[in-house]
Ligand SMILES: Nc1ncnc2c1ncn2[C@@H]1O[C@H](COP(=O)(O)OP(=O)(O)O)[C@@H](O)[C@H]1O
Ligand SMILES: [Mg+2]
């Protein structure tokens with residue numbers, strides 16, 4: 001872990017340090033560092049100017065009183081690397097570090113709490129039950145006595161009938177599809193429970209049939225939507241699709257994602273929703289270390305890198321303080337008013353926008369990051385960007401498939417460059433297009 005002082009200042013230049021706390025990440029971190037260098041920012045700050053440096057957070061012994069040199073850390077390790085998590089926690093408490101995401105929230109909130117909380121706010125989470133595990137660890141000395149006294153025998157078939165088929169059995173704290181099964185009848189439910197071992201499971205009513213699966217990926221106040229196909233092979237699940245939702249649906253998904261993220265103190269999270277009969281049901285939204293690899297995001301990858309750059313630079317430049325607690329009351333106060341769903345969601349999103357400083361952030365981007373779009377567009381056409389894609393492919397695919405998949409993913413990134421160039425050209429013709437977009441959204445929100 002780095003040892004020097006907080007903000008290093010020489011003459012009129014203040015350097016904000018952004019730390020990348022990484023695991024197996026390769027591609028986004030390399031692209032992030034490359035683009036940050038190419039941006040070559042010098043943001044005026046009174047008489048001074050603010051510049052930015054990114055470096056990688058190391059794992060090593062640390063003195064709890066040892067200052068950290070980072071202003072912002074983008075963390076990808078908290079959910080499993082405890083040394084890094086505890087270093088981050090001490091750095092937030094003792095050194096005023098700003099971290100994406102809140103490590104305490106990430107540590108303590110599983111799917112289960114997020115379902116409960118969003119049900120309480122009135123989001124249409126499908127009916128969900130928790131069932132005690134089939135087995136307990138043999139070394140839990142008190143388990144036999146506790147279970148003998150208090151565990152009630154239950155009829156799994158009755159629970160199944162109450163929820164209705166089809167349903168999903170999935171770990172209450174799960175991720176990455178581990179232990180998830182679709183269940184169509186009582187026999188399958190009993191069989192899945194027999195196999196579930198020591199895991200505490202949820203049974204959740206299936207949203208079935210659904211006609212659209214969307215992942216809403218929030219980074220700060222920015223929400224990017226991607227159409228998703230859970231049945232496709234891993235590298236093709238994110239689809240390249242346009243106009244798959246209308247303006248109102250976009251707003252619902254965006255408001256839902258921001259509500260969830262602000263509620264839990266997450267600034268980088270992916271929220272999965274399924275649409276059935278025109279209603280979006282959120283089914284998985286405790287993903288606060290979401291996929292950030294070009295090998296799954298492909299076309300969407302540059303959007304994500306760009307959104308991460310914007311938000312982390314904003315947080316570092318403004319020294320935005322980290323929220324010290326989650327403060328759920330404003331959300332519950334809105335819930336109590338029993339407003340119609342759309343108005344209620346809009347009100348929750350209002351709290352989120354306030355917490356995420358959306359307006360100030362947008363002004364900051366317009367003022368200081370207006371060249372970002374062009375820099376990113378150029379970068380992803382360079383041999384270096386291709387090399388970065390190849391490095392990630394090499395880490396995941398067998399040697400004989402490296403060339404094919406490098407071309408595949410880099411090709412999709414080039415397709416992004418084509419659509420992005422068109423978007424930027426249209427914006428140049430109509431410089432107020434962004435303004436008009438915002439107005440349109442506001443009109444939709446009011447209706
Ligand atoms: N209630 C549900 N209705 C329909 N499909 C579901 C439901 N819950 C889970 N699934 C399917 O199972 C997959 C994995 O479940 P999910 O809750 O996303 O777990 P994980 O956290 O492991 O991604 C989802 O992407 C979706 O395809
Ligand atoms: Mg999921």
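A compact table of results
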{"quantity": "Value of Rg to Rh for the stretch 127-205 (Rh from inverse mean 1/r over Cα pairs, i.e. Kirkwood)", "calculated": "0.98"}
{"quantity": "Estimated inter-spin distance, residue 366 and residue 190, nm [label 7 Å along Cα→Cβ]", "calculated": "6.5"}
{"quantity": "Angle between the chain longest axis and helix 27-39 axis [Cα atoms, degrees, rounded to 10]", "calculated": "30"}
{"quantity": "Neighbour-count ranking [beta-carbon atoms within 10 angstrom, fewest first] of 26, 260", "calculated": "26, 260"}
{"quantity": "Reduced Cα scattering model of the stretch 212-446, Debye log10 I(q)/I(0), q = 0.11 Å⁻¹", "calculated": "-0.62"}
{"quantity": "Angle between the chain longest axis and helix 433-446 axis [Cα atoms, degrees, rounded to 10]", "calculated": "30"}
{"quantity": "Where labels lie 7 Å past Cα in the beta-carbon direction, separation of residue 404 and residue 59 in nm", "calculated": "3.4"}
{"quantity": "Beta bridges by DSSP in the stretch 39-186, antiparallel share as percent, to the nearest 5", "calculated": "65"}
{"quantity": "Square roots of 5 times each gyration tensor eigenvalue, C-alpha, the stretch 107-173, largest first, Å", "calculated": "26, 18, 11"}
{"quantity": "Those residues of the stretch 220-234 whose amide nitrogen sits under 11 Å from the label point placed on residue 240, 7 Å along Cα→Cβ", "calculated": "none"}
{"quantity": "Relative contact order [Cα under 8 Å, 6+ residues apart], the chain, whole percent", "calculated": "16"}
{"quantity": "Cβ-based exposure ranking for 322, 118, in which fewest neighbours within 10 Å come first", "calculated": "322, 118"}
{"quantity": "Fluctuation leader among 123, 147, 203 - the chain, Gaussian network, Cα springs under 10 angstrom", "calculated": "147"}
{"quantity": "Within the chain, helix-based [θ] at 222 nm, where runs of 4 or more DSSP H residues each add -39,500 (n - 2.57), nearest 500", "calculated": "-14500 deg cm²/dmol"}
{"quantity": "The stretch 8-107 shape via C-alpha gyration tensor axes, a/c threshold 1.5", "calculated": "oblate"}
{"quantity": "Anisotropy class of the chain from Cα gyration tensor, a/c 1.5 cut", "calculated": "prolate"}
{"quantity": "Packing rank of 409-419, 327-337, where each peptide gets the mean count of other beta carbons within 10 Å, highest leading", "calculated": "409-419, 327-337"}
{"quantity": "Ranked list, fewest to most other Cβ atoms within 10 Å of each Cβ, for 168, 210, 242", "calculated": "242, 210, 168"}
{"quantity": "Share, in percent, of DSSP beta bridges within the chain that are antiparallel, nearest 5", "calculated": "70"}
{"quantity": "Candidates 148, 179, 157, ranked by Gaussian network fluctuation over the chain, Cα under 10 Å, top entry", "calculated": "148"}
{"quantity": "Nearest 10 degrees, 0 to 90: helix 358-368 Cα axis against the chain principal axis", "calculated": "30"}
{"quantity": "Potential lengthening between residue 328 and residue 45 on full extension [0.36 nm per residue; Cα-Cα distance subtracted]", "calculated": "98.5 nm"}
{"quantity": "Among 344, 152, 38, residue whose mean-square fluctuation peaks in a GNM of the chain (springs only between Cα atoms under 10 Å)", "calculated": "152"}
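Just so you know, all these numbers are worked out from the coordinates, no wet-lab data involved. Since the structure is predicted, the reported quantities are computational estimates derived from the model, not experimental observations. Backbone-built Cβ (ideal geometry, glycine too); neighbour counts: all protein chains shown.
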